[in-house]
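Take a look at the structure below.
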Amino acid sequence: MVAVEGAFEGVKTGQPISQPVAHSTAQALVQTTVDNPGLVAEILLLDSLKQFEKTLYAHVVDTAVYSILVGLQLGWDEEALEALGVAGLLHDVGYMRLPQNLVKTHWEGRGDSVLLQKHVVIAEALLKRHAQFSPDIIRMVGEHHAYQDGSGYPDGVGGTLLSESGQLLGLVDFFDELITVGGTAGALPAALAIRQIYHDAHKGKFAPRYIEAMIRILGVFPVGTVVQLSTGEQAVVMKQHPEIGLKPRVKIFRGADGKMLEAAQVCDLSQDVSLGHEISIAKVLNPTEHSLDLAEMVTS
């Protein structure tokens, strides 16, 4: 976060982006992710529960790490993951050359502007000034808002000629913005964001293999998702089952009668049959409708 903030703030005053710092930061992210992919995924999701006002710097770091996680799940080598990480860290640097009041309203979820779309070509131009950045990294940055079905921007960039890494970065960036900014109704829970992208992928916007890889690492119901069980009880997802994605461990906080429990109860949906029948997740609930400290519930 410190490295990214320093690079982005320097762009405002005309300082060059440090290629060694960008690569060393990405290398550190790759190494941590390769060593502990499941733990890193949980940390990202838990942090997102704590961030009420996510900054641009948090977004680009999270996008970089989610991208590395998905690339790792797809079997990409460390060199490709590092390039993906650098592109993730720098993909939104063009925002620093645009009116900051417009950027602020976007990240507060209060609107958008066609002018903001120029951050893509501005970022490309900034990276091209430094010959050390590879053409692959520059291309990823230029493609991160262009999609497989030809939608997105800049015009004419999307479609079947998109690079593999550019498509992956674009999907992850789209996901993180959904759970950060969302649409007119606000940010989406991660589970509903995954569901939306899954449907978009099968309509041709994204390559299905990327969202399928994301689901394998984050789960169908990511950590922190508020759900209603088939019993009528309400719970928070605590941990994914390594093999049965639809059966995570949950913490029940509200009974079937609608009353809050005095003490939350942990239930492993893959094993717990104490109520005499198999328990499943019936639907995802809006977390804003519940006065819960989700991060505390998941970790305690």
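The values are calculated or read from the model by the stated rules, or taken from the named source; none is laboratory data. Remember, predicted model here, so these are calculated numbers, not experimental data. Cβ atoms come from the backbone with ideal geometry, glycine included; neighbour counts cover every protein chain shown.
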(request) Would you point out the residue of region 159-202, among those that are more than 21 Å from VAL61 (Cβ to Cβ) and touching an Asp or Glu at 6+ places or on another chain (Cβ under 7 Å), that is surrounded by the most Cβ atoms within 10 Å (Cβ to Cβ)? (result) LEU162
(request) Please state which of the following conditions LYS205 fails to meet, knowing it meets all the rest: (1) part of a helix (DSSP H, G or I); (2) touching an Asp or Glu at 6+ places or on another chain (Cβ under 6 Å). (result) (1)
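Of everything in region 95-147, what is β-branched (Val, Ile, Thr) and loosely packed, with under 13 Cβ neighbours inside 10 Å? Give them in sequence order. Let's see the steps before the verdict.
Going through region 95-147, the residues β-branched (Val, Ile, Thr) turn out to be 103, 105, 114, 120-122, 137-138, 141.
Within region 95-147, just VAL114 meets the criteria.
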(request) Quick one: ALA58 ticks every box in (1) more than 23 Å from VAL21 (Cβ to Cβ); (2) part of a helix (DSSP H, G or I) except a single one, so which number is it? (result) (1)
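Being among the hydrophobic types (A, V, I, L, M, F, W, C) and either touching a strand residue (DSSP E or B) at 6+ places or on another chain (Cβ under 9 Å) or assigned to a loop (DSSP other than H, G, I, E, B) (or both) is the filter here; which residues of region 61-106 pass it? Even if it seems obvious, please write down each step before you answer.
Step one: of region 61-106, the residues among the hydrophobic types (A, V, I, L, M, F, W, C) are 61, 64-65, 68-70, 72, 74, 76, 80-81, 83-84, 86-87, 89-90, 93, 96, 98, 102-103.
LEU74, TRP76, LEU98, listed by residue number.
Restricting attention to region 277-284, does a residue exist that is touching an Asp or Glu at 6+ places or on another chain (Cβ under 8 Å) and either touching a residue at least 12 places away in the same chain (Cβ under 8 Å) or not assigned by TED's automatic domain parsing to the domain that holds VAL70 (or both)?
Of region 277-284, the ones touching an Asp or Glu at 6+ places or on another chain (Cβ under 8 Å) are 279.
Restricting the remaining residues to those that are either touching a residue at least 12 places away in the same chain (Cβ under 8 Å) or not assigned by TED's automatic domain parsing to the domain that holds VAL70 (or both) gives 279.
Yes, that holds for at least one residue.
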(request) Could you check SER291 against (1) hydroxyl-bearing (Ser, Thr, Tyr); (2) part of a loop (DSSP other than H, G, I, E, B); (3) closer than 30 Å to SER165 by Cβ and say which number it fails? (result) (3)
(request) Taking GLY204 as meeting all but one of (1) in contact (Cβ under 8 Å) with a residue 60 or more places away in the chain; (2) within 30 Å of GLN148 (Cα to Cα), write down the number of the exception. (result) (1)
(request) Would you point out the residue of region 31-55, among those that are of a type in the set (D, E, K, R) and assigned to a loop (DSSP other than H, G, I, E, B), that is modelled with the highest pLDDT? (result) LYS54
(message) Here are the criteria: (1) in a loop (DSSP other than H, G, I, E, B); (2) under 18 Å from the mean Cα position of the chain (by Cα); (3) outside the structural domain of LEU168 (by TED's automatic domain parsing). Tell me which single one VAL237 does not satisfy.
(response) (1)
